[in-house]
Amino acid sequence: MIWGMGRWEPNARGRLEQAALELFTERGFEQATVTDIARRAGLTQRTFFRHFADKREVLFWGQGALQELLVGAVASAPDSAAPIDAVAAALAAAGALLQERHGPARQRQAIINAHPELRERELIKLATLASAIAAALRQRGVSDPAASLTAEAGIAVFKVAFERWVSDPGRPDLPELIQQSLDDLRAVTAAS
């Protein structure tokens, strides 16, 4: 056994993610290899593939947990909550979760923005989240097209707030930006 390369490595996923973000930033997404990422993290390729299917997955691995959080928050909103309020509660929960990851989120988004195939993957992720939220709203008895419209509006609110959050290092409060974007949407739709 090589020293420093034990059988069990604490926080391997986090170390791989950090190494990948660093390498993608330094060398570019295309030039950084799985071998480079594993080596930078002090791990093996085999460990990398235990956590990620490929190097793109390093940027998107949290989608499943985010989807579960959003759907769970919509489902657990009070029965009396309007559909947009249930979605607002879900977005607030997501914002609170992501708040602690401002630095890595900014770095991740810069990498995604620089590569069309990664931007496409990000849009697919957002569409998948909107579909899951719409399904959760339908479970609450919201019919279509209201469920789909509300979910899509919610994802638009999240996307705008997230873009503002990652583009400005002086804006550390994602939940506040989500609320501001939601308030802006309500103001625009209430105007006659």
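Every number here is computed from the coordinates shown, using simple stated rules; none is lab data. Everything numeric in this text was worked out from a predicted model, so none of it was measured. Note that we place each Cβ from the backbone using ideal geometry, even for glycine, and neighbour counts take in every protein chain shown.
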Worksheet item: What residue, of Ala161, Ala136, Ala146, is in contact (Cβ under 8 Å) with a residue 40 or more places away in the chain and in contact with a Ser or Thr (Cβ under 8 Å, 6 or more places away or on another chain)?
Response: Ala161
Discussion item. Condition first: assigned to a helix (DSSP H, G or I) and either touching a Leu at 6+ places or on another chain (Cβ under 7 Å) or β-branched (Val, Ile, Thr) (or both). Now tell me which residues in the range 39-64 satisfy that.
Written reply: Arg40, Ala41, Thr47, Phe48, His51, Val58, Leu59
Practice prompt. Assess whether Phe29 counts as being part of a helix (DSSP H, G or I) and aromatic (Phe, Trp, Tyr).
Written response: no
Worksheet item: Hey, Ala75 hits all of (1) in a helix (DSSP H, G or I); (2) over 16 Å from Gly154 (Cβ atoms) but one; which does it fall short on?
Response: (2)
